[in-house]
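Working notes, beginning with the structure itself.
The values are calculated or read from the model by the stated rules, or taken from the named source; none is laboratory data. The shown structure was predicted, so the numbers you read here are calculated from the model rather than taken from an experiment. Cβ sites come from the backbone with ideal geometry, for glycine too, and all protein chains shown count toward neighbours.
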Amino acid sequence: MTWLIAMLGLVACGNNGTGDTGAAGLDVQPLGSYTTDTGGLTGNIPLEIPDGTSSVLVHCGDYGYDVLGTAWDIKDSSGAYYYTNQYHDAYAATQMRVGNLDDHLPVLFPVSPDHDISSGSWSINAWIASGGTPTTVDCEAIYRTDPVGSSGTIDLNVVLVGLDGLGLDASTAADDADLQAALSYAQDLWSDAGLVIGNVTYLDFKGNVDRYSVVDISDTDASEFGDLLKQDVGGTTRAMTVFFVQEIADASGATVLGLAAGPPGAATVTGTSKSGMVVTTADLRDAPNEIGLILAHEGAHFLGLFHTSEKTGDVQDPLSDTPECTEASNTDGNSYLDRDECAGKGADNVMFWAPAIDISSTMTADQGWVLRRNPAVH
Ligand SMILES: [Zn+2]
């Protein structure tokens with residue numbers, strides 16, 4: 001789970017699993033069920049990566065909101081380690097990054113052009129940290145097999161959850177000037193990355209509007225967020241699903257403006273706690289561009305991008321062309337890097353940990369390389 005927090009008015013921060021029947025350009029392969037050993041490991045799960053594959057999304061679950069899972073290791077077709085968890089705390093030393101995620105684990109690779117993949121027999125060993133209790137998960141692989149160009153299209157399922165107070169529903173959304181301004185601003189931010197918003201499908205939320213129009217979360221419990229993402233909303237499978245809600249209410253009192261599953265999200269997979277993202281509309285009428293910034297930032301998390309530098313500067317993304325803002329830049333002694341301290345070191349990037357409107361507006365070639373490879377993009 002990753003989120004954006006409002007500070008002083010600025011923004012801070014399915015397929016059906018029945019075999020290779022996914023959308024054209026996707027090869028969907030069920031991997032079967034795996035039960036973890038007492039150490040929490042699934043053991044090697046074989047992956048047969050088809051020729052021409054540009055990205056792989058493996059996902060396993062569900063295992064509950066009180067349990068974290070991650071990739072323990074990934075081996076390529078030569079048997080060499082493509083990733084191992086021994087580097088988990090020193091991302092600079094590894095060619096990819098994998099988060100610790102509750103309930104459902106999506107793993108996406110490659111996440112850097114420095115470490116592209118090849119076809120053949122790979123394997124992944126997942127770790128479900130359930131305290132020694134054997135846990136059974138179902139896993140599936142999605143291989144993106146259509147070509148990746150210099151421009152990619154992301155279709156959106158925009159789900160409107162209890163927004164009658166704004167006069168906003170599936171019948172009015174396409175003509176709502178503020179919502180369209182938000183989408184347009186997000187499009188501008190993604191243009192550096194060669195990512196284009198394609199078809200937008202507007203959907204009225206059919207589930208429990210009373211429960212989900214205000215999403216309640218806390219530092220230790222994001223189950224309401226995850227449950228919303230599990231809802232069947234219809235729409236297009238090869239797309240990114242964005243739930244627009246009234247508000248995300250954080251128990252700490254912080255104003256959270258957006259939340260994305262992951263990174264990465266379970267792209268093209270429906271019915272999991274990692275199947276989309278949530279954006280609040282609290283500021284839609286006053287500041288539609290901020291909504292657009294949230295959509296662009298959180299959407300990029302969903303599609304596989306990390307912050308250029310994390311909040312304290314101790315962890316960097318796995319991309320070589322993004323600026324780094326390290327702990328050494330923290331000159332005021334507080335607990336995080338602010339935009340002034342990171343000027344010229346990533347504060348102007350959409351994936352700065354605390355992006356701001358009119359400041360954080362750039363993306364790099366490597367970020368675009370990752371975004372355009374995602375299975376949800378075509
Ligand atoms: Zn973020």
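Condition check ((1) farther than 21 Å from VAL98 by Cα; (2) modelled with pLDDT of 95 or more; (3) hydrophobic (A, V, I, L, M, F, W, C)) across all residues:
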{"site": "ASP286", "(1), (2), (3)": "yes, yes, no"}
{"site": "ASN289", "(1), (2), (3)": "yes, yes, no"}
{"site": "PHE302", "(1), (2), (3)": "no, yes, yes"}
{"site": "SER329", "(1), (2), (3)": "yes, no, no"}
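Within region 232-261, residues that are in the same structural domain as LEU203 (by TED's automatic domain parsing) and under 30 Å from ARG144 (Cβ atoms) sit with their Cβ atoms under 6 Å from residues that are part of a loop (DSSP other than H, G, I, E, B) and basic (Lys, Arg), at 6+ positions apart or across chains, in these pairs: ALA261/LYS274.
Here are some residues: ASP76, ASP37, ASP62, ASP27. Which one is of a type in the set (D, E, K, R), surrounded by 15 or more Cβ atoms within 10 Å (Cβ to Cβ) and touching a Pro at 6+ places or on another chain (Cβ under 8 Å)? Even if it seems obvious, please write down each step before you answer.
Numbers: ASP76 fails: touching a Pro at 6+ places or on another chain (Cβ under 8 Å); ASP37 fails: surrounded by 15 or more Cβ atoms within 10 Å (Cβ to Cβ); ASP62 fails: touching a Pro at 6+ places or on another chain (Cβ under 8 Å).
From the options ASP76, ASP37, ASP62, ASP27, the qualifying one is ASP27.
Do the conditions hold for SER150, that is, is it surrounded by fewer than 15 Cβ atoms within 10 Å (Cβ to Cβ), under 24 Å from the mean Cα position of the chain (by Cα) and on the phi < 0 side of the Ramachandran plot? For SER150, the condition - surrounded by fewer than 15 Cβ atoms within 10 Å (Cβ to Cβ), under 24 Å from the mean Cα position of the chain (by Cα) and on the phi < 0 side of the Ramachandran plot - is met. Among residues of region 300-328 being farther than 20 Å from ASP114 by Cβ and surrounded by fewer than 20 Cβ atoms within 10 Å (Cβ to Cβ), the one that is nearest to the ligand (Cβ to nearest atom) is LYS311. Within region 97-148, the set of residues being part of a loop (DSSP other than H, G, I, E, B), charged (D, E, K, R) and more than 16 Å from THR36 (Cα to Cα) comprises ARG97, ASP116, ASP146. Inside region 114-133, can you point out the residues that are over 16 Å from PRO46 (Cα atoms) and at pLDDT 95 or above? Within region 114-133, ILE128 is the sole residue that qualifies.
So is VAL269 outside the structural domain of HIS115 (by TED's automatic domain parsing), buried (at least 22 other Cβ atoms within 10 Å of the Cβ), in contact with a His (Cβ under 8 Å, 6 or more places away or on another chain) and β-branched (Val, Ile, Thr) or not? Taking the combined requirement at face value, the residue satisfies it.
Residues in region 351-366 include at least one that is within 14 Å of the ligand (Cβ to nearest atom) and among the hydroxyl-bearing types (Ser, Thr, Tyr). I'd like to know if region 341-349 contains one or more residues that are away from the ligand (no atom under 12 Å from the Cβ), within 21 Å of VAL98 (Cβ to Cβ) and crowded, with 24+ Cβ neighbours inside 10 Å. No, region 341-349 contains no residue that is away from the ligand (no atom under 12 Å from the Cβ), within 21 Å of VAL98 (Cβ to Cβ) and crowded, with 24+ Cβ neighbours inside 10 Å.
Is it the case, given these coordinates, that ALA181 is within 24 Å of GLN367 (Cα to Cα) and crowded, with 18+ Cβ neighbours inside 10 Å?
Details: within 24 Å of GLN367 (Cα to Cα): yes; crowded, with 18+ Cβ neighbours inside 10 Å: no.
Answer is no for this residue.
Pairing residues of region 105-124 that are closer than 26 Å to THR136 by Cα with residues that are among the basic types (Lys, Arg), at Cβ distances under 7 Å and at least 6 apart in sequence or on separate chains, gives PRO106/LYS274; TRP122/LYS75; SER123/LYS75.
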